[in-house]
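Accompanying notes for the structure given below.
The values are calculated or read from the model by the stated rules, or taken from the named source; none is laboratory data. Quantities reported herein were computed from a predicted structural model and do not represent experimental measurements. Counting neighbours? That spans all protein chains shown, and the Cβs are built from the backbone with ideal geometry, glycine included.
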Amino acid sequence: MNDGVPLERPARRLEEVVGELRGLPVAVERLEDSAVVRDRIAQAARAARELRAMHPVGSQDTGRQERRSRRDVLDALEGGVSMRTIVHASVLDDPVKSARIRQLHAAGDLHRVVDEPIQQVLIFDRAVAFVRLTPVPMAGTAA
């Protein structure tokens with residue numbers, strides 16, 4: 001359990017969503033090479049008009065990669081991309097991550113902060129989604 005929430009609940013909800021999608025024309029591609037994943041995300045981001053995202057513990061990027069990622073998001077917001085992001089409340093405990101959230105929010109990325117366990121997901125134009133193969137461990141859970 002994590003903060004009183006059974007770990008099975010997110011998995012059960014994912015199964016419900018997959019069940020709802022059965023019968024829809026959905027193509028799934030499994031990408032395991034990190035460079036290929038980053039390239040595909042960048043391609044989707046360049047063409048997108050809308051991004052919905054969930055970040056369980058905030059950005060894992062550091063240094064130059066984090067600054068480039070933040071600049072890309074700010075450029076997309078300035079270019080008119082609509083962004084809605086769900087973040088886990090734990091990001092607010094980190095001053096650097098919290099400052100990044102405030103900067104992106106000020107630029108137009110609308111945020112919702114939740115206490116429930118969430119996993120990293122990116123959804124572009126409600127048509128292309130990226131979901132991690134290996135879930136991000138939540139604070140207080142076994143890794």
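Can you confirm whether the range 92-100 contains a residue that is in contact (Cβ under 8 Å) with a residue 40 or more places away in the chain and outside any helix (DSSP H, G or I)?
no
Does the range 100-135 hold any residues that are among the hydrophobic types (A, V, I, L, M, F, W, C) and closer than 17 Å to LEU77 by Cα, and which are they?
Selection gives ILE101, LEU104, ALA106, ALA107, LEU110, LEU122, ILE123, PHE124.
All but one of (1) modelled with pLDDT of 90 or more; (2) surrounded by fewer than 15 Cβ atoms within 10 Å (Cβ to Cβ) hold for PHE124; which doesn't?
Only one criterion in (1) modelled with pLDDT of 90 or more; (2) surrounded by fewer than 15 Cβ atoms within 10 Å (Cβ to Cβ) is unmet by PHE124, namely (2).
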